[in-house]
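Colleague: Take this structure first; my questions come after.
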Amino acid sequence: MRVLNTALIATGLVCLSTLLVILPDSAYAGCTSRALAGVDWSKCRKTRKMLDGKDLSGSTFVQTDFGSTDLSDADLRSVDMTRADLTRTKLNSADLREAVLIKAIGFRADFTDASLAGADLTKAEISRARMTNADLTDALFDKAESGRVDFAGAKLVNTSFVYTNLARANFLGADAQRINLTGAYLYLTRIAGVDLSSSVGLEQSQIEMACGDEKTILPAGLTPPTTWRCDYSDD
């Protein structure tokens, strides 16, 4: 009887261990779901995929790894990309209106011509990303790491950069109406020719470290430095 009980216990332990091995895979079964609107690919690895032009609106991509994936022209309205990895991801001309990208990582991601109106990129790490000609109306970049991001020609109406690192970022040709720069770090930030007259929170100390020119328009009460830090004569 003792031998039988021991055998049953051993069999039970084997079955339990088998379940423990199987459960993690079943917990991430959603990773095999098709690329459709509303899909949940949270914590899935979707690197180097061709998802350009796909309708993925309303989907959940929390902590999803999209590294080097092509999402250009994709419909990504209202997606949740919290903590998603968008390193070197192609998002040019994608529709990301009202998307949540809080704490997302987007080093060298390409958002050229994308629409991020109303998107939330609070605390996102998007250094060296390209956002040229993107629509960033009402978007939030508060406390984001946006060093060397290219915002040239972007629409930055009501865009919030509260306490954002914008060191060496490029704003040439951007529409910056009512942009919020409260506490933003503007070391060598390129604002030549940019109209900042309606900006919020901009202080003289920020202007002193930025790169403007005689065509930069500042808010009332602020004055251009005697000599701007950057020389655009060779641009």
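Values in this text are rule-based calculations from the coordinates and carry no lab data. In this text the structure is predicted, and so the values were computed from the model without any measurement. Glycine also receives a Cβ, built like all others from the backbone with ideal geometry; neighbour counts cover every protein chain displayed.
Colleague: Of all residues in segment 48-89, which are surrounded by fewer than 19 Cβ atoms within 10 Å (Cβ to Cβ) and aromatic (Phe, Trp, Tyr)?
Modeller: Those that are surrounded by fewer than 19 Cβ atoms within 10 Å (Cβ to Cβ) and aromatic (Phe, Trp, Tyr): none in segment 48-89.
Colleague: Looking at ALA152, is it within 17 Å of the chain's Cα centre (by Cα) and over 15 Å from ALA117 (Cβ atoms)? Outline the logic, then answer.
Modeller: Numbers: within 17 Å of the chain's Cα centre (by Cα): yes; over 15 Å from ALA117 (Cβ atoms): yes.
Spelling it out, ALA152 is indeed within 17 Å of the chain's Cα centre (by Cα) and over 15 Å from ALA117 (Cβ atoms).
Colleague: Report, by residue number, each residue of segment 186-199 that is within 23 Å of GLU125 (Cα to Cα) and either surrounded by fewer than 19 Cβ atoms within 10 Å (Cβ to Cβ) or touching a residue at least 24 places away in the same chain (Cβ under 8 Å) (or both). Give the steps one after another, and end with the answer.
Modeller: In the first step, residues of segment 186-199 are kept if they are within 23 Å of GLU125 (Cα to Cα); the result is 186-191.
Once the filter is applied, which keeps residues that are within 23 Å of GLU125 (Cα to Cα) and either surrounded by fewer than 19 Cβ atoms within 10 Å (Cβ to Cβ) or touching a residue at least 24 places away in the same chain (Cβ under 8 Å) (or both), segment 186-199 yields LEU186, TYR187, LEU188, ARG190, ILE191.
Colleague: Counting only residues that are under 13 Å from the mean Cα position of the chain (by Cα), assigned to a loop (DSSP other than H, G, I, E, B) and among the charged types (D, E, K, R), how many does segment 50-107 have?
Modeller: Within segment 50-107, residues that are under 13 Å from the mean Cα position of the chain (by Cα), assigned to a loop (DSSP other than H, G, I, E, B) and among the charged types (D, E, K, R) number 5.
Colleague: Test ARG45 against the criterion of being surrounded by fewer than 19 Cβ atoms within 10 Å (Cβ to Cβ), in contact with a strand residue (DSSP E or B) (Cβ under 7 Å, 6 or more places away or on another chain) and of a type in the set (Lys, Arg), and give yes or no.
Modeller: Details: surrounded by fewer than 19 Cβ atoms within 10 Å (Cβ to Cβ): yes; in contact with a strand residue (DSSP E or B) (Cβ under 7 Å, 6 or more places away or on another chain): yes; of a type in the set (Lys, Arg): yes.
So ARG45 fits the description; yes.
Colleague: Scan THR216, THR132 and give me the residue that is in contact with a Pro (Cβ under 8 Å, 6 or more places away or on another chain) and in contact (Cβ under 8 Å) with a residue 12 or more places away in the chain. Steps first, answer last, please.
Modeller: Numbers: THR132 fails: in contact with a Pro (Cβ under 8 Å, 6 or more places away or on another chain).
The unique qualifying residue is THR216.
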